[in-house]
Amino acid sequence: MKVIGIVGMPASGKGEVSRIARDLGIPVVVMGDAIREKVKEAGLPLTDANLGAISGKLRADLGMDAIARITIPVIEATAAPVVLVDGIRGDYEVTAFREHFPDFTLIAIVSSFETRYARLANRGRSDDSLTAGELRSRDERELGWGLLRALAQADCRITNEGTLEEFAAEARSLLCRVGGLS
């Protein structure tokens, strides 16, 4: 099984890469879905603060690779030849995926703070930060989980500062190449 991981700061373009992967017929497993499910199980609203708190608790209780370990069976259950994993947040998760899936490739999506902040206004998810200060706080929380170290371990990198069309074309090309699609 070929597993392609996506890592990037909040609002960098990970979700768009996932959409493109789905369009190419690649199943997508979103790590954040596991956290959203845990928040729902706790009877809490899906806010950035609750998602962050549950993420932090899972990592504190089960280890920094907890979300990866929760996600691995979901990836395997797809039984697909190529699967994309969206939402890697730390180097421990990268290590867990590399150890479990020998054919693992990590793609980093990189966007400036200003670009990411501008995108949040248009995205409309319940866990999106709406102020620059809240986005900085979210960035700091995720950097504390090893996100910068995970970005540094990427096998490939896409800079997402241009148009959506430019980004989509580059992401599609890279997914086809890495995923062995024609």
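Things to note:
- Less than 5 angstrom separates the built amide H of residue 111 from those of 9, 160, all sequence-distant by 5 or more or on a different chain.
- Total formal charge among the other residues, if their Cβ is under 13 angstrom from that of residue 56, Lys/Arg +1 and Asp/Glu -1: +2
- Residues 70, 75, arranged from fewest to most other Cβ atoms within 10 angstrom of their Cβ, appear as 70, 75.
- Value of Rg/Rh across region 1-96 [Cα atoms, Kirkwood radius]: 0.96
- In this structure, residue 121 and residue 170 have a Cβ-Cβ separation that, at R0 = 25 Å, corresponds to a calculated FRET efficiency of about 0.60.
- This ranking places 38, 57 by how few other beta-carbon atoms lie within 10 Å of each, fewest first, which gives 57, 38.
- Counted charge near residue 90, where neighbours are those whose Cβ lies closer than 12 Å (Asp, Glu -1; Lys, Arg +1): 0
- Positive end of the dipole of region 2-179 (Cβ unit charges, origin at the Cα centre): among 109, 56, 167, the Cα lying farthest that way belongs to 56.
- The coefficient of translational diffusion for the chain, derived via Stokes-Einstein from the alpha carbon Kirkwood radius under 20 °C and 1.002 mPa s, stands at 130 µm²/s.
- For region 6-59: rounded, prolate or oblate by the Cα gyration tensor [a/c cutoff 1.5]: prolate
- Each of 51, 84, 164 has some number of other Cβ atoms within 10 Å of its Cβ, and from fewest to most they run 164, 51, 84.
- Given charges at beta-carbon only (K, R positive; D, E negative), |dipole| of the chain in Debye: 120
- The phi-based Karplus calculation (6.51 cos²θ - 1.76 cosθ + 1.60; θ = phi - 60°) puts the 3J(HN,Hα) values of region 161-176 at 10, x, 7, 4, 5, 5, 4, 4, 5, 5, 5, 4, 4, 5, 4, 5 Hz, whole numbers, x for Gly and Pro.
Laboratory data are not the source of any read-out in this text; all were calculated from the coordinates shown. Note that the structure is a prediction, hence the values are computed from the model and not measured. Every residue, glycine as well, gets a Cβ built from its backbone with ideal geometry; the counts of neighbours run over all protein chains shown.
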